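A.B. asks: Starting off with a structure, shown below.
The values are calculated or read from the model by the stated rules, or taken from the named source; none is laboratory data. Just so we're clear, the structure is a prediction, and the values are computed from it rather than from any experiment. Reconstructed Cβ throughout: ideal geometry from the backbone, glycine too, with neighbour counts over all protein chains shown. Just so you know, the surface numbers come from the protein's heavy atoms only, side chains and all, with ligands and any DNA or RNA stripped out. Shrake-Rupley method; radii C 1.70, N 1.55, O 1.52, S 1.80 Å.
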Amino acid sequence: MALDPGIGYKVVATVIEAEGHCNSGHQAGDAFEISCHNPGGLCGFFYHDIFPTLQTFQFGGNLPWWSGDTIQVRCPDPKNIVSLKLERSKRT
């Protein structure tokens with residue numbers, strides 16, 4: 001795995017919903033750091049699906065439907081739903 005150079009905002013993911021069976025074992029309440037250099041333990045399907053959103057979010061961008069420094073993303077598996085809340089903050 002590539003070393004995370006610590007650029008951009010720090011992004012913490014919190015599992016807010018987990019229905020069915022997550023192949024990576026994520027459960028509601030789990031929290032972990034994630035970035036463009038660190039998949040945070042997400043499976044490849046989920047990480048690939050959210051990467052463009054994560055990239056925009058980590059480097060300070062916004063989309064018209066985002067408000068503030070918190071967004072939600074969802075796993076693309078419709079039978080095993082995992083939703084994450086992503087929160088960004090300035091690195092200290």
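A.B. asks: Which residues, taken from the range 30-40, are closer than 16 Å to Val15 by Cα and open to solvent by 50 Å² or more (accessible area, probe 1.4 Å)?
C.D. replies: Asp30, Ala31, Glu33
A.B. asks: So in the range 52-69, with the set limited to residues that are assigned to a loop (DSSP other than H, G, I, E, B) and open to solvent by 80 Å² or more (accessible area, probe 1.4 Å), which one is nearest to Ser89 (Cα to Cα)?
C.D. replies: Checking each candidate, the answer is Phe59.
A.B. asks: Let me ask another. Can you tell which of Phe46, Phe51 is in contact with a Ser or Thr (Cβ under 9 Å, 6 or more places away or on another chain) and at pLDDT 95 or above?
C.D. replies: Phe46
A.B. asks: Which pairs do you get when a residue that is outside any helix (DSSP H, G or I), found in the range 30-50, comes within reach of a residue that is at pLDDT 95 or above and open to solvent by 60 Å² or more (accessible area, probe 1.4 Å), reach meaning Cβ atoms under 7 angstrom, with the pair 6+ apart or on two chains?
C.D. replies: Glu33/Lys10; Cys36/Gln55; Gly40/Glu33
A.B. asks: Please specify each residue of the range 70-92 satisfying the condition of being touching a residue at least 60 places away in the same chain (Cβ under 8 Å), surrounded by 15 or more Cβ atoms within 10 Å (Cβ to Cβ) and among the charged types (D, E, K, R).
C.D. replies: Lys85, Glu87, Arg88
A.B. asks: Might you check whether a residue that is in contact with a Cys (Cβ under 9 Å, 6 or more places away or on another chain) and either without any contact (Cβ under 8 Å) to a residue 12 or more places away in the chain or open to solvent by 70 Å² or more (accessible area, probe 1.4 Å) (or both) occurs anywhere in the range 5-20?
C.D. replies: Yes.
A.B. asks: Hey, another quick one. Could you please let me know if Gly61 is touching a Phe, Trp or Tyr at 6+ places or on another chain (Cβ under 7 Å) and not β-branched (Val, Ile, Thr)? Steps first, please.
C.D. replies: On the way: touching a Phe, Trp or Tyr at 6+ places or on another chain (Cβ under 7 Å): no; not β-branched (Val, Ile, Thr): yes.
No: the conditions fail for Gly61.
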